[in-house]
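Inspection log for the structure reproduced underneath, given as structure tokens.
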Amino acid sequence: MYDGRITLTQFIIEEQRQFPQATGDFSGLLNDIATACKVIAHAVSRGVLEASGGNLQKHLETTANEVMLKSNVWAGHLAGLASQEMNGIQSIPAKYPRGKYLLLFDPLNGSGNLDINFMVGTIFSVLRAPDTSRKVSTKDFLQPGTEQVCAGLIQYGASTRLVMTTGNGLNGFTLDHDIGEFVLTHPAMTIPTETQVFAINASNERFWEPPIKRYVEECLAGKTGPRGKDFGMRWVSSLVAEAYRIITRGGVFLYPLDEKTREQGGRLGLLYAANPISFLIEQAGGASTTGRSRVMEVQPGELHQRAPFIFGSKSEVERIVSYHNEYAVGKEPSSYTSPLFSTRSLFRIP
């Protein structure tokens, strides 16, 4: 404990004590991830100074990926790693001991915002290796999100914040630069059930399916519409920022299946983004869906599989699912049966 606050190290040890059979491998892995994220936070803070004249986004994506790999391959906690930035998996070199966990990560989510000095972050997911007696294979990583033993996001902004779950609720930690430790600042985080905020990329409106158009139009109708209340709309093009805002303030995020992303199965990575964020959201009392099924029950078929992703306050997610269900059986209001409703946009005066 430091200055009356619980450090991440202490928190992890206390969690480990609840399991007498624990070997310490999992606790060691979480500490290695936290250490890597401290290094990435420093690199992000100095990014434009160190990449002067070069490609800032590419420089920091590469740096963050290398830091996560180097921090986690040697300690004996992992059987393998997979990154959003790599085509295949990284097995543990023969000179290092092989562990029983698998780590998947997006090293620098939202990196397209670096040039405007906007928020970026790291997302990670931990699975158990199915068979530690052999070298890890790609198939070992293709587990549904329900098999995750841990997930987290790290937000690099005015402060560096780590939000993490091991399946026993959601807790938030803030990096104290004076002592070089994450300290518990947001225990037992929960998402408000009700909300009046939604986040969606309105420029894709012409590609949306009818259930999504129905939901957005009802929100925009405000107090005079069927919802009977005014909604605010947000979109910052950074998944870690959207997820953190929803965890702390409530709301719903929508990147649904549409005609633009249908062929590739969705927009966001299932293993590196949708599954870990879903784990966090559900542990905070929220919900996530593809629109048609629970995200964490989707069986992955490949490392870089994409998926539709809708998450946030439980009541709003359930409403969106119900609209998809009604559309599937032809029960939704007749005004929403046309693929585009009409030639009038939702965002233009008729």
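Laboratory data are not the source of any read-out in this text; all were calculated from the coordinates shown. Since the model is a prediction, treat every value here as computed from it, not as a measurement. Heads up, the Cβs are rebuilt from the backbone with ideal geometry, glycines too, and the neighbour counts pull from every protein chain shown.
Compare GLU147, GLU14, GLU85 in a GNM of the chain, Cα atoms joined below 10 Å, and give the one with the largest fluctuation.
Comparing GLU147, GLU14, GLU85 in the GNM, the peak value goes to GLU14.
With angles folded into 0 to 90 degrees, how steeply does helix 56-72 sit against the dominant principal axis of the chain? Use alpha carbons for both and round to 10.
With rounding to tens, the tilt is 50 degrees.
Could you tell me which of rounded, prolate or oblate describes the stretch 253-319, using a ≥ b ≥ c as the square roots of the eigenvalues of the alpha-carbon gyration tensor, with rounded for a/c under 1.5 and, failing that, prolate when a/b is larger than b/c and oblate otherwise?
Oblate shape, in that a/c is at least 1.5 and b/c is the bigger or equal ratio.
Nearest 10 degrees is fine. How inclined is helix 239-249 to the longest principal axis of the chain, computing both from alpha carbons?
80 degrees
Rank the residues HIS186, HIS59, HIS324 as a footprinting-exposure proxy: fewest other Cβ atoms within 10 Å of their Cβ go first.
HIS186, HIS59, HIS324
For LYS213, list the lysines whose Cα falls under 21 Å from its own Cα; do not include residues on the same chain fewer than 8 positions away.
Excluding near neighbours in sequence, the set is LYS223, LYS229, LYS260, LYS314, LYS331.
Suppose every K and R has +1 on its Cβ and every D and E has -1 on its Cβ; what is the size of the dipole of the chain about the Cα centre, in Debye to the nearest 20?
For this selection, approximately 460 debye.
Charges only on Cβ, +1 for Lys and Arg, -1 for Asp and Glu: so what's the dipole of the stretch 8-186 about the Cα centre, in debye to the nearest 20?
Here the stretch 8-186 has a charge dipole of around 500 debye.
Run through the DSSP bridge list for the stretch 197-336 and note the antiparallel percent, rounded to the nearest 5.
Counting DSSP beta bridges with both partners in the stretch 197-336, the antiparallel share is about 65 percent.
With N denoting the number of residues in the stretch 125-222, provide Rg(C-alpha) divided by 2.2 N^0.38 Å, to two decimal places.
Working it through for the stretch 125-222, the quotient is 1.57.
So for the chain: antiparallel DSSP bridges make up what percent, rounded to the nearest 5?
Within the chain, antiparallel bridges account for around 80 percent of the total.
Which of VAL329, VAL183, VAL149 moves most in a GNM of the chain, Cα contacts under 10 Å?
Sorting by GNM fluctuation, first place goes to VAL329.
With charges set only on the Cβ (+1 for Lys and Arg, -1 for Asp and Glu), what does the dipole of the stretch 131-201 come to about its Cα centre, in debye to the nearest 20?
300 debye
Shape of the stretch 197-336 from its Cα gyration tensor (a ≥ b ≥ c, root eigenvalues): rounded if a/c is under 1.5, otherwise prolate when a/b > b/c, or oblate?
Note, shape of the stretch 197-336 comes out oblate.
Enumerate the calculated ³J(HN,Hα) couplings along the stretch 305-311 in order (Karplus 6.51 cos²θ - 1.76 cosθ + 1.60, θ = phi - 60°), each rounded to whole Hz, writing x wherever the residue is Gly or Pro.
4, 9, 8, x, 8, 10, 8
Provide the percentage of antiparallel DSSP beta bridges, counting only those with both residues in the stretch 83-196; round to the nearest 5.
In the stretch 83-196, approximately 95 percent of DSSP beta bridges are antiparallel ones.
Which of rounded, prolate, oblate describes the stretch 31-165, given a ≥ b ≥ c as roots of the alpha-carbon gyration tensor eigenvalues and a/c under 1.5 marking rounded, otherwise prolate only if a/b is larger than b/c?
prolate
Over the alpha-carbon set of the chain, divide Rg by the Kirkwood Rh and report the Rg/Rh ratio to two decimals.
Ratio of gyration radius to Kirkwood radius for the chain: 0.99.
Using modelled backbone amide H atoms (1.01 Å from N, in-plane), which distant-in-sequence or interchain residues come within less than 5 Å of LEU268's amide H?
Residues meeting the criterion, in which the H sits 1.01 Å from N, are ALA307.
What residue among LEU184, MET86, LEU114 has its Cα farthest toward the positive end of the dipole of the stretch 8-186, where the charges are +1 on Lys, Arg and -1 on Asp, Glu, each on the Cβ?
Checked the options; the winner is MET86.
Would you mind telling me which residue in PRO97, PRO107, PRO192 has the biggest mean-square fluctuation in a Gaussian network model of the chain, where springs connect alpha carbons within a distance under 10 angstrom?
Result: PRO97 has the largest fluctuation of those listed.
With a point put 7 Å past each Cα toward its Cβ, work out how far ARG292 is from LYS229 in nm, to one decimal.
3.1 nm
Okay, helix-only estimate at 222 nm for the chain: each DSSP H run of n ≥ 4 adds -39500 (n - 2.57), divide by all residues, round to 500 deg cm²/dmol; what do you get?
It comes out at -9000 deg cm²/dmol, rounded to the nearest 500.
Against the longest alpha carbon principal axis of the chain, how many degrees, from 0 to 90 and to the nearest 10, is the axis of helix 314-328 turned?
The answer is roughly 60 degrees.
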